[in-house]
1. Carbon and sulfur together cover what percent of the accessible area of region 8-47 at a 1.4 Å probe radius?
2. May I ask you to derive the FRET efficiency for Ala157 and Trp137 from their Cβ-Cβ distance with R0 = 25 Å, giving the value to the nearest 0.05?
3. Express the accessible area of region 8-98 per residue in Å², computed with a 1.4 Å probe while the remaining protein chains stay in the model.
4. Percent of accessible area on region 58-97 owned by carbon and sulfur, 1.4 Å probe?
5. Looking at the square roots a ≥ b ≥ c of the eigenvalues of the Cα gyration tensor of region 208-253, which shape do they give, rounded for a/c under 1.5, prolate if a/b is larger than b/c, or oblate?
6. In region 61-130, which trypsin sites (Lys or Arg not before Pro) are in a loop and have at most 16 other Cβ atoms within 10 Å, using DSSP for the loop call?
7. For region 42-82, just say rounded, prolate or oblate: build the C-alpha gyration tensor, square-root its eigenvalues into a ≥ b ≥ c, call rounded for a/c under 1.5, and beyond that prolate if a/b exceeds b/c, oblate if not.
Amino acid sequence: MRSDRGQSAPLRLKIAAACGLLFLHLPILLIFVYAFTTEEKSFVWPPPGLTTQWFAVTWNRPDVWEALSLSIRVAAISTAIALMLGTLCAAAVSRTRFFGRETISLLVILPIALPGIITGIALRSAFALADIPFSFWTIVLGHATFCVVVVYNNAVARFRRTSGSMIEASMDLGADGFQTFRHVVLPNIATALLAGGMLAFALSFDEVIVTTFTAGQQQTVPIWMLEELIRPRQRPVTNVVAMVVVLVTLLPILLAYYLTRDGDQIAGSGK
């Protein structure tokens, strides 16, 4: 049987792949270029000049730091809530059989399937009925609704691929529930939780629609950037913030990739 590993891809396929990559990444490269432009109020191509002054301006803008701090805190707490609830839901759905299990699974993943504006309106109405003022925690609750789904999807898939005989063997050897989870279950689902948690953090960090309905007067980084684009004061500052966000989020994404690329090899799983 002849192997195709040594064969080169057709020229048309290479061109199509290059065009696809340009379509995906050229706008990001433009953001990087406009972070160095000397033009303050509009996007001019090519830039009339290049400068690094906007990095110092951004560093000294307190509104940038406030928005960044709020986004990080919201994303971190939303991810922590999602890891806890998503893992528990995944364990219950994948390890036990009960009436309405598939319905519950559908209800868990429904928030990410609904348009964000529907979720935002529903949350705003619920907060109004409960007389809950908009605050940091209303943003967290809004983000947790879809972060739970991301963690759940990753965890339930890994739970279903982990052999139940390992848990039974652990129990037979005298381990209690916590010891079994710590030494048997957690090592097998850790990379799935890591990937789900990092994706949940990224989704929370750049969420706009749900945040608009639950933030009140507070501004996360995406809301701040949207306001700056609508009423620009120093437009390159927005591009500097966008560039920094891209660079900072790229590192954990690469780390998650290298940690999870061998995640298909689950201990005790059958072939």
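The values are calculated or read from the model by the stated rules, or taken from the named source; none is laboratory data. Given the structure is predicted, the values throughout are model-derived calculations rather than measurements. Neighbour counts are summed over all protein chains in view; Cβ atoms, including those assigned to glycine, are modelled from backbone coordinates with ideal geometry. Side chains are part of the model used for accessible areas, which takes the heavy atoms of the whole protein and leaves out ligands, DNA and RNA. Shrake-Rupley method; radii C 1.70, N 1.55, O 1.52, S 1.80 Å.
1. The value for region 8-47 is 77 percent carbon and sulfur by accessible area.
2. My answer for the efficiency is 0.25.
3. Using a 1.4 Å probe on heavy atoms only, each residue of region 8-98 averages 66 Å².
4. 73 percent
5. Details: a/c = 3.19, a/b = 1.21, b/c = 2.62.
In terms of gyration-tensor shape, oblate.
6. Arg97
7. prolate
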